[in-house]
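Report on one structure; see the data block that follows.
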Amino acid sequence: MQPILLVNGPNLNMLGSREPEIYGSQTLADIEAACVKSASGLGLALECYQSNHEGELVTKIQQAAKVHKGVIINAGAYTHTSIAIMDALLSLSIPVIEVHMSNIFRREDFRHESYVSKASKGIICGFGADSYQLALLAMAKLVAA
Ligand code: CA2
């Protein structure tokens with residue numbers, strides 16, 4: 001089993017509580033449980049991590065270099081602002097996949113810019129909770145290659 005880290009950023013712990021028209025009705029715990037299950041079928045051992053704090057996210061990404069073979073990240077609003085998270089991701093030599101539940105390119109202009117994209121192999125957005133499942137499929141192919 002290949003160890004993979006799934007990182008979720010600020011406010012994603014609030015999934016399921018409001019804005020279901022954008023983010024669906026599943027909680028983050030629901031999404032993580034479904035991801036752990038399908039990851040195991042793909043030969044991946046998934047560790048899930050969420051924080052609302054930029055520095056904690058940076059530290060967790062730094063630590064991934066020691067343990068994990070890939071990182072899947074939904075950095076939430078830090079996607080559009082955080083050079084610190086981009087730098088931490090750029091320092092990794094393992095593949096990074098960027099995920100968003102919503103299609104950030106159909107939304108406000110400020111969501112069209114992504115610092116995370118500059119450190120990512122690819123981006124999956126717009127498929128709700130399925131964005132995470134699609135990212136797992138892509139990661140399984142990347143780490144098997
Ligand atoms: O579409 C995504 O996955 C986003 O990363 C979600 C972020 C947003 O800032 C990005 O532009 C796109 C926001 C997550 C907030 O999630 C909430 C969910 C339910 C209730 C409140 C916030």
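Please determine whether any residue of the range 72-89 is more than 9 Å from the ligand (Cβ to nearest atom), in contact (Cβ under 8 Å) with a residue 12 or more places away in the chain and over 16 Å from Val116 (Cβ atoms). Checking the range 72-89: not a single residue is more than 9 Å from the ligand (Cβ to nearest atom), in contact (Cβ under 8 Å) with a residue 12 or more places away in the chain and over 16 Å from Val116 (Cβ atoms). Each residue in the range 41-51 was checked for being open to solvent by 60 Å² or more (accessible area, probe 1.4 Å) and either more than 14 Å from the chain's Cα centre (by Cα) or within 16 Å of the ligand (Cβ to nearest atom) (or both), and 2 pass.
Scanning the range 95-119 for residues that are touching a residue at least 12 places away in the same chain (Cβ under 8 Å) and out of contact with any helix residue (DSSP H, G or I) (no Cβ under 7 Å at 6 or more places or on another chain) yields Asn103, Phe105, Arg106, Ser117. Residue-level analysis places Gly24 among those that are on the phi > 0 side of the Ramachandran plot, touching a residue at least 24 places away in the same chain (Cβ under 8 Å) and more than 15 Å from the chain's Cα centre (by Cα).
Selection of the range 97-121 for residues being open to solvent by less than 50 Å² (accessible area, probe 1.4 Å), within 15 Å of the ligand (Cβ to nearest atom) and not charged (D, E, K, R) yields Ile97, Val99, His100, Met101, Ser102, Ile104, Ser114, Val116, Ser117, Ser120. Once the range 1-38 is narrowed to residues that are polar (S, T, N, Q) and open to solvent by 40 Å² or more (accessible area, probe 1.4 Å), the residue that is farthest from the ligand (Cβ to nearest atom) is Gln2.
The values are calculated or read from the model by the stated rules, or taken from the named source; none is laboratory data. Values in this document were obtained by computation on a predicted structure and should not be read as measured data. Every residue, glycine among them, receives a Cβ derived from its backbone with ideal geometry; neighbour counts consider all protein chains shown. The protein model used for the area step is the full one, side chains on, heavy atoms only, and it has no ligands, DNA or RNA in it. Shrake-Rupley method; radii C 1.70, N 1.55, O 1.52, S 1.80 Å.
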